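Enquirer: This structure is in structure tokens; I'll ask about it shortly.
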Amino acid sequence: MTDELLRRRTVPVVTDGDRYDILIGPDLLSDAQAWQGLPRSTHAVVVTNTTVAPLYADAVQSALRTHFKTISLLELPDGEAYKTSTTLELIYNHLLQRQCDRRTVLFALGGGVVGDVAGFAAACYMRGIPFVQVPTTLLAQVDSSVGGKTAINHPLGKNMIGAFYQPRRVVCDLSTLQTLPDRELSAGLAEVIKYGPIADASFLDWIEEHLDALLRREVDALAHAVQRSCEIKALVVGQDEREAGLRAILNFGHTFGHAIEAGLGYGEWLHGEAVACGMLMAADLSAELGLMPAAFVGRMERLLRRARLPTTGPALGAERYLELMRVDKKAIGGEIQFVLIEALGKAVLRSAPDEIVAAVISRHTATSA
């Protein structure tokens, strides 16, 4: 491994009221420097899940012992289906039973579900306690752990109950990606891919060129993908922390994708899988509205297939898709707002006639039996 890879990479996130660092590199969980400078407290709580705990909980607790007098561990059930108020209560119960005060530091060790639920608990417990994101999936490292969005799902909509609450640090240990199942790695690549069309055309070129290396989990390729993704997201979040405008571009493919997740039931498809299919639909809608050439749709489809991601959505029916998308947080007065591409590296928020959207959906969904 080269000296460049051994060096820790740091991406700052600066908003109106906060500043924190994203640390990126291999073997960070056991790197003492990764945990220095955090808020002082006697108690730390590590929130993880039943899949991640056997792999990394001991390493994190060991690293934290020099900084905290007591450390407790809470293992949540694993999966999007558990991103609920019931799971949130498990965290509150753990904190209250141990008489945790408002200086207690909460560490979210796991993927996007753990980070979202634990972050929301941190935002609400005693009206806010410090927390640290320790993402162990590619999707969480490049997206959900960065920017302070925390939430739980509701049966009628994804991430509809939550808060903006920034972490004190994000620790992206690239070594954790080596234990990630292939399906989860591909799901994370969907969120990497989205950054090209919305913000950086040259990054899209780089992804196409290095996709095989990413699928092989080569550390130098992963390091660049995570760093560049985080740089783009940090820039956007720094300008629009609470999604008043610009930050919405980060949801490219998500309006369609969230409808897939809600329509099938949370957990049937991985979030990144739904986003991948949603990006293809959004690319096609961009072409239908005359914003992009048809060749862009083919380019996206080829790339997503190479990344081993689905490009055909479930047969929910166009009307059901539209119904679910009207619950999307970007919808205004029931009118759906889509993140579309008007030039490579530039996204816009636009509405579209239902009949055009329905035609796009029909082209990219399975035929019902």
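The values are calculated or read from the model by the stated rules, or taken from the named source; none is laboratory data. Note that this is a predicted model, so its numbers are computed, not measured. Note: ideal-geometry Cβ built from the backbone for every residue, glycine included; neighbour counts use all protein chains shown.
Enquirer: Is it the case that some residue within segment 235-251 is in contact with a His (Cβ under 9 Å, 6 or more places away or on another chain) and part of a helix (DSSP H, G or I)? I'd like the intermediate steps shown before the answer.
Expert: Here is the first cut: in segment 235-251, the residues in contact with a His (Cβ under 9 Å, 6 or more places away or on another chain) are 251.
Then keep just the ones that are part of a helix (DSSP H, G or I); that gives 251.
Yes, segment 235-251 has at least one match.
Enquirer: From the residues in segment 144-163 that are among the small types (Gly, Ala, Ser) and in a strand (DSSP E or B), which one is nearest to Pro54 (Cα to Cα)? Let's see the steps before the verdict.
Expert: Taking segment 144-163 and keeping what is among the small types (Gly, Ala, Ser), we get 144-145, 147-148, 151, 157, 162-163.
Right, trim to in a strand (DSSP E or B) and you get 151, 157, 162-163.
Values: Ala151: 25, Gly157: 32, Gly162: 29, Ala163: 30 Å.
If we take residues in segment 144-163 being among the small types (Gly, Ala, Ser) and in a strand (DSSP E or B), then Ala151 is nearest to Pro54 (Cα to Cα).
Enquirer: Pick out, from segment 291-369, the helices (runs of 4 or more DSSP H) lying fully within it that include 1 or more residues that are of a type in the set (Ser, Thr, Tyr). Step through it out loud before you land on a result.
Expert: Numbers: elements: 294-306, 318-325, 354-363.
Helices (runs of 4 or more DSSP H) meeting the threshold: 318-325, 354-363.
Enquirer: Being part of a loop (DSSP other than H, G, I, E, B) and under 15 Å from the mean Cα position of the chain (by Cα) narrows it down to one residue among Gln133, Gln166; which is it? Before you say what the answer is, go through the steps one by one.
Expert: Numbers: Gln133 fails: part of a loop (DSSP other than H, G, I, E, B).
Answer to the check: Gln166.
Enquirer: Specify the residue that is surrounded by the fewest Cβ atoms within 10 Å (Cβ to Cβ); the eligible residues are those in segment 88-108 that are assigned to a loop (DSSP other than H, G, I, E, B) and of a type in the set (D, E, K, R). Lay out the reasoning, then the answer.
Expert: Our first condition is that a residue be assigned to a loop (DSSP other than H, G, I, E, B); within segment 88-108, this holds for 98-104.
Add one more test, that the residue is of a type in the set (D, E, K, R), and what stays is 98, 101-103.
Values: Arg98: 14, Asp101: 13, Arg102: 11, Arg103: 13.
So the residue we want is Arg102.
Enquirer: Which of the residues belonging to segment 54-81 are of a type outside the set (D, E, K, R), in a helix (DSSP H, G or I) and in contact (Cβ under 8 Å) with a residue 40 or more places away in the chain? Don't jump to the end; show me each part of the working.
Expert: Taking segment 54-81 first, the residues of a type outside the set (D, E, K, R) are 54-57, 59-64, 66-68, 70-74, 76-77, 79, 81.
Still in the running and in a helix (DSSP H, G or I): 54-57, 59-64, 81.
Once the filter is applied, which keeps residues that are of a type outside the set (D, E, K, R), in a helix (DSSP H, G or I) and in contact (Cβ under 8 Å) with a residue 40 or more places away in the chain, segment 54-81 yields Leu55, Tyr56, Ala57, Val60, Leu64, Ala81.
Enquirer: Test Leu280 against the criterion of being over 16 Å from the mean Cα position of the chain (by Cα), crowded, with 24+ Cβ neighbours inside 10 Å and either at negative phi or not assigned by TED's automatic domain parsing to the domain that holds Asn159 (or both), and give yes or no.
Expert: Working: over 16 Å from the mean Cα position of the chain (by Cα): yes; crowded, with 24+ Cβ neighbours inside 10 Å: yes; either at negative phi or not assigned by TED's automatic domain parsing to the domain that holds Asn159 (or both): yes.
In short, yes.
Enquirer: Continuing with the same structure: Could you please tell me which pairs satisfy a Cβ distance under 9 Å, a separation of 6+ or placement on different chains, a first residue in segment 351-369 that is modelled with pLDDT of 95 or more and among the acidic types (Asp, Glu), and a second residue that is in a helix (DSSP H, G or I) and surrounded by 14 or more Cβ atoms within 10 Å (Cβ to Cβ)?
Expert: Cβ pairs passing all conditions: Asp354/Ala318; Asp354/Leu322.
Enquirer: Out of Arg216, Arg228, report the one residue that is assigned by TED's automatic domain parsing to the domain that holds Arg306, more than 17 Å from the chain's Cα centre (by Cα) and free of Cβ contacts under 8 Å to residues at least 40 places away in the same chain. So that I can check it myself, show each step before the final result.
Expert: On the way: Arg228 fails: more than 17 Å from the chain's Cα centre (by Cα).
Being assigned by TED's automatic domain parsing to the domain that holds Arg306, more than 17 Å from the chain's Cα centre (by Cα) and free of Cβ contacts under 8 Å to residues at least 40 places away in the same chain holds for just one of Arg216, Arg228, which is Arg216.
Enquirer: Which one of these does Val142 not meet: (1) touching a strand residue (DSSP E or B) at 6+ places or on another chain (Cβ under 8 Å); (2) under 28 Å from Cys124 (Cα atoms); (3) modelled with pLDDT of 95 or more?
Expert: (1)
Enquirer: Ok, one more. Can you pull out every residue in segment 109-128 that is surrounded by 24 or more Cβ atoms within 10 Å (Cβ to Cβ), among the hydrophobic types (A, V, I, L, M, F, W, C) and assigned to a helix (DSSP H, G or I)?
Expert: Passing the criteria: Val113, Val114, Val117, Ala118, Phe120, Ala121, Ala122.
Enquirer: Taking Glu335 and the conditions (1) over 23 Å from the mean Cα position of the chain (by Cα); (2) more than 13 Å from Phe252 (Cα to Cα); (3) charged (D, E, K, R); (4) at pLDDT 95 or above, which numbered condition does it fall short on, given that it satisfies the others?
Expert: Every listed condition holds for Glu335 apart from (4).
Enquirer: Do we find that Thr50 is polar (S, T, N, Q), within 19 Å of the chain's Cα centre (by Cα) and surrounded by fewer than 18 Cβ atoms within 10 Å (Cβ to Cβ) in this structure?
Expert: Answer is no for this residue.
Enquirer: Residues Gln141, Gln133: which one is in contact with a Cys (Cβ under 7 Å, 6 or more places away or on another chain) and surrounded by 24 or more Cβ atoms within 10 Å (Cβ to Cβ)?
Expert: Values: Gln133 fails: in contact with a Cys (Cβ under 7 Å, 6 or more places away or on another chain).
Only one candidate qualifies: Gln141.
Enquirer: Could I ask something else about it? How many residues does segment 302-323 hold that are in contact with a strand residue (DSSP E or B) (Cβ under 9 Å, 6 or more places away or on another chain) and surrounded by 19 or more Cβ atoms within 10 Å (Cβ to Cβ)? Let's see the steps before the verdict.
Expert: Step one: of segment 302-323, the residues in contact with a strand residue (DSSP E or B) (Cβ under 9 Å, 6 or more places away or on another chain) are 312-318, 321.
Keeping just the survivors that are surrounded by 19 or more Cβ atoms within 10 Å (Cβ to Cβ) gives 313-314, 316, 321.
Number of matching residues: 4.
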